[in-house]
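A short worksheet on the structure shown next.
No value in this document is a laboratory result; all are computed from the given coordinates. Please read all numbers here as calculations on a predicted model, not as lab measurements. Positions of Cβ are backbone-derived with ideal geometry, glycine not excepted, and every protein chain shown enters the neighbour counts.
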Amino acid sequence: MNEITSSFSEKEAAEMATAMVEDTMERFIDVANVDRVYGEPIAKDDTLIIPAAEVMGGLGLGAGFGMGAVKEKQEERQADEGGGGGGGGGGRVQSRPVAVVVAANGDVRVEPIIDKTRIVLTAIVANGILFLFLARMFRRRKSLFR
């Protein structure tokens, strides 16, 4: 018969890959739920404060399985030694505080949290890119007039 032997069938390999993806997605969704966006309310006298955060995430997965090459030998097919599979993935979930919701005396307001460090770093990077762009632009202009 034309039978190829391996430690697992293609169906089993596909099921393993599917189980890996499902498990990773469940963990990822668990981390990025609404409980991570709104924190525990803090009550003080007649004031209720609810912290709010921005939650961002990224995820990448991959898997592959295979068996050794098949060769013809003496009118019957035999599998070469080897085969296997593997998979991997990576992800990141990041959160940062963005505001607090304050409820006091029948009034509700949202107080944003301003991240001064992020603003300064963004300005430094933008100015660096602008400087490099202008330097390159003027360097090209000089070469045109030679």
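Computed quantities for the displayed model
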{"item": "Environment charge of Asp30, counting only residues whose C-beta is closer than 12 Å and scoring Lys/Arg +1, Asp/Glu -1", "result": "-1"}
{"item": "Net +/- balance of residues flanking Asp115 in space, Cβ distance below 15 Å, scoring K and R +1, D and E -1", "result": "+1"}
{"item": "Note, ³J(HN,Hα) from phi for the range 126-136, Karplus 6.51, -1.76, 1.60, rounded to Hz, x at Gly and Pro", "result": "4, 5, x, 5, 4, 4, 5, 5, 5, 4, 5"}
